[in-house]
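Report on one structure; see the data block that follows.
The values are calculated or read from the model by the stated rules, or taken from the named source; none is laboratory data. Quantities reported herein were computed from a predicted structural model and do not represent experimental measurements. Because the Cβ atoms are built from the backbone with ideal geometry, glycine has one as well, and the counts that use them run over all protein chains shown. Side chains are part of the model used for accessible areas, which takes the heavy atoms of the whole protein and leaves out ligands, DNA and RNA. Shrake-Rupley method; radii C 1.70, N 1.55, O 1.52, S 1.80 Å.
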Amino acid sequence: MDSEAIKRCLEDGGLRCTPQRYCVMAFLMEHAGHPTAAEIFEAVNRLDPRCSRATTYNNLRDLVQAGLVREVAVEGRAARFDAKGVRHHHFICDRCGNVEDMDWYDVPKPASASLGKRILREYELIVRGLCTQCASQPINRDVRGSVGA
């Protein structure tokens, strides 16, 4: 994606295009995976050493609040981030924590009666299980018989 498109994306989200915010957004739009905030900071800081950890984390928060970036919560692990572009769902591996994109398909909207007075902003599907790599590895059992990695 070209620099003008990234600038327009930020402005359309109601955000000023600061050099640090631009670097964070550009990295996410060009990165195929789902990096953690620490990984984003390391990559952005290599390009622009003026970009502090706090600035990177604050920019991620702003991008999420503006709806330009999605935060993918991975239980027990660091959150991962994903630039919104093509709509997709996520698969999260229970063993290694890897986050993979899944093709989008429509999921029924929750019934308004189940929402009560809540206001629905968006909803997505997160599928959990074992990724292809972890599914091919044997499952270890400890002495009590519980499943472990």
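Among the residues of region 104-149 satisfying the criterion of being charged (D, E, K, R) and more than 20 Å from the chain's Cα centre (by Cα), which is modelled with the lowest pLDDT? Write out each step before concluding.
So the first thing to find is which residues in region 104-149 are charged (D, E, K, R), and the list is 106, 109, 117-118, 121-122, 124, 128, 141-142, 144.
Now narrow it down to the ones that are more than 20 Å from the chain's Cα centre (by Cα): 109, 117-118, 141-142, 144.
Details: K109: 84, K117: 90, R118: 90, R141: 57, D142: 51, R144: 46.
That would be R144.
With respect to R21, is the statement that it is in contact with a strand residue (DSSP E or B) (Cβ under 8 Å, 6 or more places away or on another chain) and surrounded by 19 or more Cβ atoms within 10 Å (Cβ to Cβ) true?
Against the criterion (in contact with a strand residue (DSSP E or B) (Cβ under 8 Å, 6 or more places away or on another chain) and surrounded by 19 or more Cβ atoms within 10 Å (Cβ to Cβ)), R21 does not qualify.
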Can you list the helices (runs of 4 or more DSSP H) lying wholly within region 1-113 that have 3 or more residues being farther than 30 Å from A135 by Cα and of a type in the set (D, E)? 3-12
Testing L47 on (1) open to solvent by 60 Å² or more (accessible area, probe 1.4 Å); (2) among the aliphatic types (A, V, I, L, M); (3) in contact with a strand residue (DSSP E or B) (Cβ under 6 Å, 6 or more places away or on another chain), one condition comes back false. Which one is that? (3)
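Going by the conditions given, is R53 more than 18 Å from C17 (Cβ to Cβ), open to solvent by 60 Å² or more (accessible area, probe 1.4 Å), of a type outside the set (A, V, I, L, M, F, W, C) and free of Cβ contacts under 8 Å to residues at least 40 places away in the same chain? Give the derivation first.
Numbers: more than 18 Å from C17 (Cβ to Cβ): yes; open to solvent by 60 Å² or more (accessible area, probe 1.4 Å): yes; of a type outside the set (A, V, I, L, M, F, W, C): yes; free of Cβ contacts under 8 Å to residues at least 40 places away in the same chain: yes.
Yes, satisfied.
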Flag if T36 is more than 13 Å from the chain's Cα centre (by Cα) and either β-branched (V, I, T) or open to solvent by less than 30 Å² (accessible area, probe 1.4 Å) (or both): no
Pairs, first on the phi < 0 side of the Ramachandran plot and of a type outside the set (D, E, K, R) in region 79-96, second in a loop (DSSP other than H, G, I, E, B) and at pLDDT below 90, C-beta under 7 Å, six or more apart: A79/A73; H88/W104; H89/W104; H89/E124; H89/L125; I92/V74
